[in-house]
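As structure tokens, the structure follows; a few thoughts come after it.
FYI, it's all coordinate maths here, none of it is from the lab. These numbers were taken from a predicted model, which means no experiment stands behind them. Glycine gets a Cβ as well: all are built from the backbone with ideal geometry, and neighbour counts include every protein chain shown.
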Amino acid sequence: MRLRDKVAIITGSTSGIGKAIALAMGAEGAGVIVNGRRAEAAEQVASEIRSAGGTALAFPADVTVPSQVERLVQSALEIYGRVDILVNNAGGVAGVPPTQYLEDVLEEQWDKVLDLNLKSAFLCSRAVAKFMREQGGGKIVNIASEASRVIHRGPSARYQYTAAKAGLAGLTRAMAIELGPYGINVNAVAPGQTLANERQQANWNSLSEEEKARMVQNIPLRRVALPGDIAPVVVFLASDEARYITGATIDVNGGRTLS
């Protein structure tokens, strides 16, 4: 088990990519702190990890709120005595139209999306960094997105999300430089189009084969990702196998950014 005796906080891990990461890390021996805003959903994932023989606790918190982030990290330290891995996965674009012209972007939408996708990673990283320094190392993995590198023509598919994920890639590099001397690796994973939840999977299944082929024509591997395609890369970056990798953003998009 590559993460035996490690303690991992995974934000936004009640569904989709975050859940897949939590399950994968639990299977690799980590003690997992499952985080989300809904206590019931967090406990369900923690229960799945325990049922598979792993160790997990649910801790609901809004990671855009500094006081709740501090409580999340302090609770992990009180229970386990350390935090070895932080995965900043919380994110999304809930409530934002899929396409908008610049003049239609509302300030409150901008703030909400940047808080969830970028500020949360800053808050959580800040909270764990001092303890990782004291314990002699750790791993921080940020979940970015190909959205910061692949820009579509016409009205943007969410200006806010694109800006936030580009900012997360920059934050990754900046933290890697500062925290590297303390044995802390900071990296990012940038997924491409991923069927991250049941709704997205159902929408995909409703498409004709011709529509699916058209949607993946710019992806060399000719398919969209599943959460299980992303989680192993995150586990790798959180393991000792990636001990000499820091400041990197790894694309997991089937080669889409090549075209």
Notebook entry, point to check: Leaving out same-chain residues fewer than 8 places away, which lysines sit with a Cα under 23 Å from that of Lys19?
Noted result: Lys6, Lys112, Lys119, Lys139, Lys165
Check: Sequence-distant or interchain residues sharing an amide H contact under 5 Å with Lys6, placed H: which?
Finding: Gly31
Check: Hey, what D do you get for segment 23-81 in µm²/s if you plug the Kirkwood alpha-carbon radius into Stokes-Einstein at 25 °C and 0.890 mPa s?
Finding: 212 µm²/s
Next item on the list: Determine the calculated [θ] at 222 nm for the chain from helices alone, applying -39500 (n - 2.57) to every DSSP H run no shorter than 4 residues and normalising by the residue count; nearest 500 deg cm²/dmol.
Entry: -13500 deg cm²/dmol
Item checked: Amide H contacts of Ile184 (H built 1.01 Å from N, under 5 Å, at least 5 apart or other chain) -> Gly138
Next item on the list: Give, rounded to the nearest 20 debye, the magnitude of the charge dipole that segment 7-258 has about its Cα centre when Lys and Arg contribute +1 at Cβ and Asp and Glu contribute -1 at Cβ.
Entry: 340 debye
Check: What is segment 215-259 by shape, rounded, prolate or oblate, if you read a ≥ b ≥ c off the alpha carbon gyration tensor as root eigenvalues and call it rounded for a/c under 1.5, prolate for a/b larger than b/c, and oblate otherwise?
Finding: oblate
Notebook entry, point to check: Amide H of Asp251: which non-local residues (sequence gap of 5 or more, or other chain) have their own amide H closer than 5 Å, using H built in the peptide plane?
Noted result: Ala190
Checklist line | Counting DSSP beta bridges with both ends in segment 7-258, the antiparallel % (nearest 5) | finding: 5 percent
Notebook entry, point to check: What ranking, highest mean first, results for peptides 213-222, 63-72, 94-103 when packing means the other Cβ atoms within 10 Å averaged over each residue?
Noted result: 63-72, 213-222, 94-103
Next item on the list: In whole Hz, with x marking every Gly and Pro, tabulate ³J(HN,Hα) for segment 226-238 from phi via Karplus 6.51 cos²θ - 1.76 cosθ + 1.60, θ = phi - 60°.
Entry: 10, x, x, 7, 8, 4, x, 5, 5, 4, 4, 5, 7
Checklist line | At R0 = 35 Å, FRET efficiency that the Cβ-Cβ distance of Asn205 and Arg173 yields, to 0.05 | finding: 0.40
Next item on the list: In whole Hz, with x marking every Gly and Pro, tabulate ³J(HN,Hα) for segment 81-91 from phi via Karplus 6.51 cos²θ - 1.76 cosθ + 1.60, θ = phi - 60°.
Entry: x, 6, 9, 9, 9, 10, 10, 8, 9, 3, x
